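Structure first, then comments.
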Amino acid sequence: MIYLRYFMYRYFIYFIFLLNGGQIMSQELNPLWETHFSFDNVNNIESRDEYIYASSNNSIFLYNNQTSELTQLTTKEGLSGEFISSIYFSENYNKLVIGFDNGLIQIKDINTNNIFSIYDIIDKATISPDEKRINNFNEFADNIYISTDYGISVFNLDTLEFGDTFFIGINGSNLKIAEVSITEEYIYAACKDFGGIKKALVNSSLIDFNNWSEVTSGSYSSILSLGNSTYFTDNNTIY
């Protein structure tokens, strides 16, 4: 029931943004320039405190649910303009993390209003360009676990530096990870392209693919842990 309410809440927020799309596009950020971005296709959403963060294809907008104020974040404010594939807001660091289809990561520091661009994944020559897509972010123990089309990378939001990368396919091969979920004991990975649901002890050597086992086969798009239960979906059924 909690999980269903979570999904209902997300779709309700999507509906709010679709109703306000015209208002967002009509706002001008200064008297000389006007941005023209499509805000009618919300593909990611985050809610923290009084703010709701949502992304469309190449732009982000913020909605203050106390004042009903809408704010745009586009290339004019420092976004790359590339296709946004995932966003995440860290309450611990007060930073908005933005992932792109080409592997770029941008971080907006809410305290300073600065935007930092992280090119490590883009510049990684050993990873094919079509495997660099950022699919999801999950924060655990001061690190961000980045789900990508090659595996899982760990990124520290304090130092803005990468840690280990986990290639958890057969014999340590690349595997498309849609999303991860972490509990006190286990880390779970929902894998695309029939990679199944994989898990490992969170305190084990996650870089060793032998420590990852398959819970079930199939292709999955999302995973979430609540209390002692973990839920995952293939877009048709919640397990």
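The values are calculated or read from the model by the stated rules, or taken from the named source; none is laboratory data. Quick caveat, the model's predicted, so the values are computed rather than measured. Backbone-built Cβ (ideal geometry, glycine too); neighbour counts: all protein chains shown. Accessible surface is based on the protein model in full, side chains and every heavy atom, while ligands, DNA and RNA are left aside. Shrake-Rupley method; radii C 1.70, N 1.55, O 1.52, S 1.80 Å.
If you take all other residues with their beta carbon under 13 Å from the beta carbon of Ile105, and give Lys and Arg +1 and Asp and Glu -1, the sum is 0.
Ordering of 225-237, 136-148, 69-81 by packing is 136-148, 69-81, 225-237, highest average first (other Cβ atoms within 10 Å, averaged per residue). Dividing the mean sequence gap of close Cα pairs (under 8 Å, 6+ apart) by how many residues region 33-176 holds gives a relative contact order of 12 percent. In summary, the aspartates and glutamates within cross-link reach of Lys95, defined as a Cα separation below 18 angstrom excluding same-chain residues under 8 places away, comprise Glu46, Asp49, Glu50, Glu77, Asp109, Glu139, Asp142, Asp158, Glu161.
Listed by chain and number, the lysines placed with their C-alpha closer than 24 angstrom to that of Lys198 are Lys132, Lys176; residues fewer than eight positions away on the same chain are left out. Calculated accessible area for region 89-201 comes out at 43 Å² per residue, all protein chains present (probe 1.4 Å; ligands, DNA, RNA ignored).
Between the beta carbons of Leu201 and Asn171, assuming R0 = 25 Å, the FRET efficiency works out to 0.80 to the nearest 0.05. Shown in residue order for region 116-127 are the 3J(HN,Hα) couplings computed by the Karplus curve 6.51 cos²θ - 1.76 cosθ + 1.60 at θ = phi - 60°: 10, 9, 10, 9, 4, 5, 4, 7, 6, 5, 7, 10 Hz (x for Gly and Pro).
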